[in-house]
Amino acid sequence: AAVLAELAMTPPAPGWFTKAFCEDARYFTPANGAVIDAMRDRIAALALEPELEAIALVSLMEAADRVDSTAGLQMAYMKSWAARALKPLELRMPALQPAVAAGPCRATRADALETAAAFDGDLVYLDPPYNQHSYLGNYHVWESLILWDRPETYGIANKRIDVKTRKSAFNSRPGIGPALQAVIEAIRAPNLIVSFNDEGYLSREQLVEMLSARGHVQVVEIPRPRYVGARIGIHNPKGEKVGAVGRLRNVEYLFVVTERPVALAA
């Protein structure tokens, strides 16, 4: 709390972030961009212990997320400022899980196949990408905010240049099947849940076949509206609406794999 209070008193100072994401692009107002720049520089200067730095960075990222001007993803930004973007950025304490209730926890940034092979537990939940859009490309602003490496950027969305080179087999139509199959086979847990989407590169039938080797498969279908950008429509760089959206709803699948059948609530 003391660190966040100190950050809140940091005078705004526009820098790389403001230039990249408020002037060259329009994800945030320049006023909020200057606050983000100053706070992020201050976090770096404080040289906090890793756990405390993580809390400060999450607080800043969540504060920025509350005042961005996007439809949820950072592939594009709104042609006019979203109402929330005009509000001043405000730090809040992130929701922290009490250590006693949570028990021992570990967050890992690693290759999915290596992590799957090393995991030993009762349940694994997999949420893989399902089409050509990578998480890095969808949330590149947060990547740059956390790494604070001031990368070269490209395109109207001002994505990090390494979005072009940090490719994943999961974002490839021919690559996702073998990649997911390898991860599934490496997992040693008796229970598995896989999240996917009916717009993905793999069909429901392909996933059921892939997972059936592990045990009994049940599929939960969750109809949902497509992301907000789909409902807004497709616009050219001038802000003119072009083309048409194919559909406004999709289906999220949860594939529940157990060693024996279980009854799932609707």
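The values are calculated or read from the model by the stated rules, or taken from the named source; none is laboratory data. Keep in mind it's a predicted model, so treat the numbers as computed, not measured. Note that we place each Cβ from the backbone using ideal geometry, even for glycine, and neighbour counts take in every protein chain shown. Heads up: the accessible areas ignore ligands, DNA and RNA and are worked out on the full protein's heavy atoms, side chains in. Shrake-Rupley method; radii C 1.70, N 1.55, O 1.52, S 1.80 Å.
Only one of K19, K79 is closer than 22 Å to Y139 by Cβ, open to solvent by 30 Å² or more (accessible area, probe 1.4 Å) and touching a residue at least 60 places away in the same chain (Cβ under 8 Å). Can you tell me which?
The conditions single out K79.
If the requirement is being closer than 16 Å to I146 by Cα, in contact (Cβ under 8 Å) with a residue 60 or more places away in the chain and open to solvent by less than 40 Å² (accessible area, probe 1.4 Å), which of these qualifies: A56, A64, A44?
The unique qualifying residue is A64.
Being among the hydrophobic types (A, V, I, L, M, F, W, C) and under 20 Å from E62 (Cα atoms) is the filter; apply it to the stretch 141-156 and report the residue that is surrounded by the most Cβ atoms within 10 Å (Cβ to Cβ).
Among those residues, the one meeting the criterion is V141.
L4 versus (1) in a loop (DSSP other than H, G, I, E, B); (2) open to solvent by 10 Å² or more (accessible area, probe 1.4 Å): which is the lone unmet condition?
(1)
Spot the failing condition for L73; the list is (1) open to solvent by less than 60 Å² (accessible area, probe 1.4 Å); (2) of a type in the set (A, V, I, L, M, F, W, C); (3) at pLDDT below 90, and only one is missed.
If we test L73 against (1) open to solvent by less than 60 Å² (accessible area, probe 1.4 Å); (2) of a type in the set (A, V, I, L, M, F, W, C); (3) at pLDDT below 90, just (3) comes out false.
Say we look at the stretch 157-182 and pick out the residues that are closer than 30 Å to A213 by Cα and aliphatic (A, V, I, L, M); which of these is surrounded by the most Cβ atoms within 10 Å (Cβ to Cβ)?
So the residue we want is L180.
Of all the helices (runs of 4 or more DSSP H) wholly in the stretch 95-198, which have at least 2 residues that are of a type outside the set (D, E), touching a Phe, Trp or Tyr at 6+ places or on another chain (Cβ under 8 Å) and at pLDDT 90 or above?
It comes to 140-147, 173-186.
Hey, A85 hits all of (1) open to solvent by 10 Å² or more (accessible area, probe 1.4 Å); (2) touching a residue at least 24 places away in the same chain (Cβ under 8 Å); (3) outside any loop (DSSP other than H, G, I, E, B) but one; which does it fall short on?
Every listed condition holds for A85 apart from (1).
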